[in-house]
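Everything on this sheet refers to the single structure shown next.
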Amino acid sequence: MFTDMLEGSVQPEADAEGNKLVSILIPTFNRERFLEIALTSAAAQTYPNTEIIVVDNCSTDGSWEVITDFASRFSNIRAYRQDRNYGVHANFKASFELARGYYHKWLMSDDVLGVDCTSLLVQMLEAQPSATIASSPRLPIDEHSQILPNISATIPLVGETGYFKGGSVIEHVLVEGINRIGEPSTVLYRAQDINASKYFLDENRTRWIYDVDLWIDLLKRGDLAYVNTPLSFFRIHEGQDQMSVSVQEVLREWLLLIQECWLEGVIPWERAASAVASQMSWLSNYLRNCDGAGKRELLPQTIFVLEVYEAICMDRNLEAPLCFQGRVQSD
């Protein structure tokens, strides 16, 4: 699978002071323009025990040359170049499988970490074993690394540092329909808490909100540790994946998560209905600009939200699953 490998020195599982190893995972493809600042931010972390794993998905620009240069200067970088482009999911999976750390810290290759990001997030999880993920606000930046005004997703989740019940955070995210927990670059978690078979072996589950999917699964089993200080920078630019988003798939995935959490008893019917209502509002606005073919593509999702709307109007609960993987179902 790999044509080139640059193996750095093996970092200890825990250093002399007891600091557990953190794997900073950087999957990348054609990010020559932003890689240098991303790698610099990873190498500058104040946390003393890190390995930096870079997996290049057979870039066609100068990304591998940038990676090679950094690996020659930092002994804790382990870099791999795929022999061909295997797709986003396979590159993430390879990064995950190569990690040796007790903690995982993703860094998208166009984003940037603050120097204390890893240290502060590790401190929060170390102090509270019941917390399964640690996160913080992030600042949006443009292609020139200039800070932008907050978008809806980057408004801080809460206004204070602390620990918050996983179920309450799940409700908040689903009802708003906005990922305020953060993109992969924002969050740190324990590797042992990940359901790898669900999130790294099943490439057909979620594509566009895979991070929300993963955070919700972790929060079903624990709490959120939140540092109310921006610790990372989320880059917004024309080349990012979000710019080619599939509207139908994003809506399907949000409805899938809402339905799962409702049927599993993670959120009550009333909150599930509110979450679907948020998606319904967005859907109605989107449909106004769709042609007939576009409307037909959204038919399963439209049926689902209308079923929920009817139940709300009739003041009754729904019990049967209605929409799963984009297919309408009934008992």
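Can you pull out the residues in the range 30-44 that are open to solvent by 20 Å² or more (accessible area, probe 1.4 Å) and within 17 Å of LYS105 (Cβ to Cβ)?
Within the range 30-44, ILE37, THR40, ALA43, ALA44 meet the criteria.
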Screening SER168, SER145, SER197 for residues that are at positive phi and either in contact (Cβ under 8 Å) with a residue 40 or more places away in the chain or surrounded by fewer than 19 Cβ atoms within 10 Å (Cβ to Cβ) (or both) leaves only SER145
Here is a list: LEU218, LEU224. Which entry is in contact with a strand residue (DSSP E or B) (Cβ under 8 Å, 6 or more places away or on another chain), in a helix (DSSP H, G or I) and at pLDDT 95 or above? LEU218
Those residues that are part of a helix (DSSP H, G or I) and in contact with a strand residue (DSSP E or B) (Cβ under 9 Å, 6 or more places away or on another chain), I need them from the range 13-51; list them, please. PHE34, LEU35, ILE37, ALA38, LEU39, THR40, SER41, ALA42, ALA43
Cβ-Cβ under 6 Å pairs, at least 6 apart or on other chains, the range 101-116 side farther than 15 Å from THR229 by Cβ and at pLDDT 95 or above, far side among the aliphatic types (A, V, I, L, M) and part of a loop (DSSP other than H, G, I, E, B): GLY101/LEU21; TYR102/LEU21
Mind checking which pairs have a first residue in the range 276-294 that is touching a residue at least 12 places away in the same chain (Cβ under 8 Å) and a second that is open to solvent by 40 Å² or more (accessible area, probe 1.4 Å) and part of a helix (DSSP H, G or I), Cβ under 8 Å, 6 or more apart or different chains? VAL276/TYR309; ALA277/TYR309; ALA277/ILE312; SER278/GLU176; MET280/TYR309; LEU287/LYS295
Filter the range 77-99 for residues that are in contact with a Ser or Thr (Cβ under 6 Å, 6 or more places away or on another chain) and part of a loop (DSSP other than H, G, I, E, B); the one that is surrounded by the fewest Cβ atoms within 10 Å (Cβ to Cβ) is ASP83
For the subset of the range 148-165 comprising residues that are free of Cβ contacts under 8 Å to residues at least 40 places away in the same chain and open to solvent by 30 Å² or more (accessible area, probe 1.4 Å), which member is farthest from the chain's Cα centre (by Cα)? PRO149
Restrict the check to the range 245-256 and report whether at least one residue is surrounded by 15 or more Cβ atoms within 10 Å (Cβ to Cβ) and basic (Lys, Arg). yes
Residue among LEU125, LEU157 that is farther than 27 Å from SER59 by Cβ, in a loop (DSSP other than H, G, I, E, B) and among the aliphatic types (A, V, I, L, M): LEU157
Would you tally the residues in the range 53-73 being farther than 18 Å from TRP106 by Cβ, surrounded by 21 or more Cβ atoms within 10 Å (Cβ to Cβ) and free of Cβ contacts under 8 Å to residues at least 60 places away in the same chain? 2
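The values are calculated or read from the model by the stated rules, or taken from the named source; none is laboratory data. These figures come from a predicted structure and were not determined experimentally. All Cβ positions, glycine included, derive from the backbone under ideal geometry; neighbour counts span all protein chains shown. The area values use the complete protein model at the heavy-atom level, side chains included, leaving out ligands, DNA and RNA. Shrake-Rupley method; radii C 1.70, N 1.55, O 1.52, S 1.80 Å.
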